[in-house]
Amino acid sequence: MPTGIYKRQPMSEEHKQAISNAHKRSGFMPSLKCLELSRLASIGRKHSQEAIEKNRISHLGKKASEETKKKMSLTRKGRKLTKEWCAAISLGNKGRPAPAGCLTKDYRERMSLIKMGHPTSQETRIKLSKENCHLWKGGITPISRALRNGWEYRAWRNSILERDNYICQECSIRGGSLHVDHIKPFSFILKKYQIKTFEQALGCQELWETQNGRTLCVPCHKKTNTWQTKANLYEE
C-alpha cells in the first residue's frame, strides 16, 4: 500500500447519520482512552456559531434522563466557573423570563436543602444590601418592615429561640410554629426614639435587648395584649 499523506474527503450528513445509527444498533461505546484523546484534542477549540445553533436546535424539547443528570453532576463536581464565564451567563440571562415552575414549592424546598448548613456571612449580606442589590428601590419600604427583614433582626430572633430552647413560654409546648414576641412592642420602641433610618435602629440598644423578647406559639401570641394592632394601645 502506498505511503504518504492522504486528503480525507469530508463525510456527508447522510454518511454521518448512517454511522451514528449503526453504533446505536450495535451498542458501541468508545473506550476511555478514546474519550480522553477526544477531550484533549478539543481543548482550546471553539465551536462556530453555526455549530452552536445546530446543537441548540437538536436539543430543543429533549429531557435528560436521571442517569444522564447524575453523570453530568459528577463531571461538574469541583469545577469552578471563571469570572468571564459567570459574566457571559449573566448577560445571556438578562431580560429572559424565569423558567416555568422555578418557584414551585418543590423547587424552593430543594434550594433550601442545598443551602442548609451554609449560612451567608455578615460581610456578604452587607455587600448585597441596599444599593448593591438589584431589587433596591431607594428605600421605599417602611422602616419597621425593613428591620424585620434584616439579618440583625433575624440574629436577635434566633438568639431568643435558642435561649428558650424552642419552648413556648406560656404553654410549654416545644417546637411547631413559633413566634418571638416583643414584650415591649417593636413599633412602640421605634416611636419612642423616633427611629427613621437603619443606622438609628442599629444604634438603639433597647431595640435589640434579648430580655424584651420571648418565645410563644401562635395561639398564645394571639392572646397577648400586643398582638398585631393591639400594640398601638400599649403604654409604658
Set of aspartates and glutamates with alpha-carbon distance to LYS184 below 12 Å, sequence-local pairs under 8 removed: GLU206, GLU209, GLU235, GLU236
For LYS77, give me every one of the aspartates and glutamates with a C-alpha distance below 20 angstrom, ignoring sequence neighbours fewer than eight places off in its own chain. GLU36, GLU66, GLU67
Fewest to most neighbouring Cβ within 10 Å: what's the order for ILE160, ILE89, ILE173? ILE89, ILE173, ILE160
To make sure I understand, if each residue's beta carbon is the centre and we count other beta carbons within 10 Å, what order do ASP106, ASP181, ASP164 fall in, fewest to most? ASP106, ASP164, ASP181
Which of the pairs LYS24/LYS69; LYS130/LYS230; LYS16/LYS62 have their Cα atoms more than 23 Å apart in this structure? LYS130/LYS230
For the chain, what does the relative contact order come out to in percent, with C-alpha contacts under 8 Å and a separation of six or more? 14 percent
With an 8 Å Cα cut-off and a minimum separation of 6 or more residues, compute the relative contact order for the stretch 140-233 in percent. 37 percent
Tally Lys/Arg at +1 and Asp/Glu at -1 over every other residue whose Cβ is under 13 Å from the Cβ of GLN122; what's the total? +1
What number, rounded to the nearest 500 deg cm²/dmol, is the helix-based mean residue ellipticity at 222 nm of the chain, given -39500 (n - 2.57) per DSSP H run of at least four residues and division by all its residues? -14000 deg cm²/dmol
Fewest-first sequence of VAL180, VAL218 by Cβ atoms within 10 Å of each Cβ: VAL218, VAL180
Report the extension gain between THR75 and CYS171 in nm, rounded to one decimal, defined as 0.36 nm multiplied by the number of residues separating them, less their alpha carbon distance. 29.3 nm
Are any of the pairs LYS63/LYS115; LYS33/LYS80; LYS83/LYS105; LYS83/LYS127; LYS33/LYS71 more than 20 Å apart by Cα-Cα distance, and if so, which? LYS63/LYS115; LYS33/LYS80; LYS83/LYS105
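No value in this document is a laboratory result; all are computed from the given coordinates. It should be emphasised that the depicted structure is a prediction, and the values quoted were computed from it without experimental measurement. As a convention, Cβ positions derive from the backbone with ideal geometry for all residues, glycine included, and neighbour counts pool all protein chains shown.
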